[in-house]
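See below for the structure under consideration.
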């Protein structure tokens, strides 16, 4: 089975980025969410990003048009087509929501269809247990998807070699670099990144230095393109907290304990860029 048609579930930041890169690389994409409004907003973001690429002469106008033509919007996961070869779920980091989606689509897609999750931290083994675990796999794209080259490919306990190899090949066709990861909390990226961000929040919480100075140390001293507190705002503090909780619960190790300041800011709905204020004001 060659993967030609893909369903992307979730029209948010990650979902629209994933739909964008698949459609731009000549895959047919079913873009799925619970409402027409979310889909229209997601398509608007895709068009805006394509227009930015066009302005920079990265793509031509014909590529822009063909990319948009490759995407069809579908309201409701129950309306997914039987002939899709790959499903990529990219909804919010909520395990119960994800599981409910897999249960709904498992009997709707064909027997050869691979199901994947863009989760950044939840166990692929646990998610895949409810629907064809040998054909279930993690595809963790980085944000912003059209720009970032890395895709973590996470094997669940039962993921077959055939499934892994097909997803690896598809990732290369997208112009991305696949990295094979086994299923442990946080995978590689967030197991390394999130404790660094959490420690930066602790240094602010303990008045070691100001927000700007903490970020400047990492940018100017460690050559990071973005400081950890600015990056936390970009990711979303609620997402950072959710991942730290997964690490803390998964390893039962106090080094992954979320900083009280992070918990307080999430409770106050100061989540970063998406709410207009986090460690910085936007």
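The values are calculated or read from the model by the stated rules, or taken from the named source; none is laboratory data. A quick note: this is a predicted structure, and the numbers were derived from the prediction, not measured. Neighbour counts are summed over all protein chains in view; Cβ atoms, including those assigned to glycine, are modelled from backbone coordinates with ideal geometry.
Observations, loosely collected:
- Residues in the stretch 58-67 include none that are in the same structural domain as residue 101 (by TED's automatic domain parsing), closer than 23 Å to residue 104 by Cα and without any contact (Cβ under 8 Å) to a residue 60 or more places away in the chain.
- Residue in the stretch 218-233 that is part of a loop (DSSP other than H, G, I, E, B), modelled with pLDDT of 95 or more and crowded, with 16+ Cβ neighbours inside 10 Å present: yes
- When we screen 3, 71 for residues that are in contact with a helix residue (DSSP H, G or I) (Cβ under 9 Å, 6 or more places away or on another chain), over 21 Å from residue 274 (Cα atoms), in contact (Cβ under 8 Å) with a residue 60 or more places away in the chain and surrounded by 18 or more Cβ atoms within 10 Å (Cβ to Cβ), the only hit is 3.
- The one condition from (1) closer than 30 Å to residue 23 by Cβ; (2) crowded, with 18+ Cβ neighbours inside 10 Å that residue 168 does not meet is (2).
- Selection status of residue 172, at pLDDT 95 or above, more than 24 Å from residue 157 (Cβ to Cβ), assigned to a helix (DSSP H, G or I) and in the same structural domain as residue 155 (by TED's automatic domain parsing): yes
- Of the helices (runs of 4 or more DSSP H) lying entirely inside the stretch 32-151, those containing at least 1 residues that are over 26 Å from residue 181 (Cα atoms) are 36-55, 61-69, 95-106.
- Exclusive hit being within 21 Å of the chain's Cα centre (by Cα), assigned to a helix (DSSP H, G or I), at negative phi and surrounded by fewer than 16 Cβ atoms within 10 Å (Cβ to Cβ), set 239, 266, 192: 192
- Among residues of the stretch 205-217, those that are within 17 Å of residue 281 (Cβ to Cβ) and not in a helix (DSSP H, G or I), counted: 1
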